[in-house]
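So the structure is just underneath, and the comments pick up after that.
Nothing in this text is a laboratory measurement; each read-out follows from the coordinates by a stated rule. Predicted model, so just to flag it, every value in this text is computed and none were measured. So basically every Cβ, Gly included, is an ideal-geometry build from the backbone, and we count neighbours across all protein chains shown.
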Amino acid sequence: MIKSALKGETALPVPNLDKADLAILKLLQQNARITVKEISEKIHLSTTPVHERIKRLEQTGVIKQYATLLDYTKVKKGLMVICYVSLRQHSKNAGVQFIKTINELHEVIECYTISGEFDFMLKVVAEDMNAYYDFHVNKLGQIENMGHQQSVFVMGIVKETHQLIF
């Protein structure tokens, strides 16, 4: 229920990935701006098959998107908070409505459905404690069906990566 609403997409068949596909993915994760020519030189394939493989990986959803990762502190988002949320009601409509609302809040940069005491884990960034307080009270706290919430303030980042290792 919530899983499909969170993703907002239909499942495509998972392609069989060979060594060349995995090598391409590894290079793209390290540098999304790498050119097809550079990839082809590194994995010893001509540019046409590399280009076709990348298109297939994009079309099948293996490559979801390309992104630029920012240093939060350098764009005035120096406070990172992990916020655990539980809902009062657990109906399909309640979950879908919560997800819709969360997707509209620009302070929430990640949202996961989780098991255990809480229903969701949010990764929230804000300029400072005052901005987070405003978000917590005037946005998050006003969401219909909001149950218990707990904020955990990130003191420092030890490891942060989006690269999957093959």
Query raised in the report: Within the chain, what percent of beta bridges assigned by DSSP are antiparallel, to the nearest 5?
Result: 100 percent
Query raised in the report: By how many degrees, between 0 and 90 and to the nearest 10, does the Cα long axis of helix 92-103 differ from the longest principal axis of the chain?
Result: 70 degrees
**Report entry** Fraction of alpha-carbon pairs over 25 Å apart in the chain - percent
**Finding:** 49 percent
Query raised in the report: V152 to I34: FRET efficiency via 1/(1 + (r/R0)^6), r the Cβ-Cβ distance, R0 41 Å, to the nearest 0.05?
Result: 0.70
Query raised in the report: When the Karplus curve 6.51 cos²θ - 1.76 cosθ + 1.60 is applied with θ = phi - 60°, which whole-Hz ³J(HN,Hα) does each residue of the range 121-134 get, with x for Gly and Pro?
Result: 10, 10, 9, 10, 10, 8, 5, 6, 4, 4, 5, 5, 4, 4
Report task. Between the alpha-carbon centers of the range 91-106 and the range 15-66, tell me the distance in whole angstrom. Result -> 34 Å
Query raised in the report: Plugging the Kirkwood radius over Cα pairs into Stokes-Einstein for the range 72-153, at a temperature of 4 °C and a viscosity of 1.567 mPa s, what D comes out in µm²/s?
Result: 100 µm²/s
Query raised in the report: On alpha-carbon atoms, Rg over Rh for the range 17-59 using Kirkwood Rh?
Result: 0.90
Query raised in the report: Mind checking which of Q65, Q142, Q29 has the largest fluctuation in a GNM of the chain, springs on alpha carbons under 10 Å?
Result: Q65
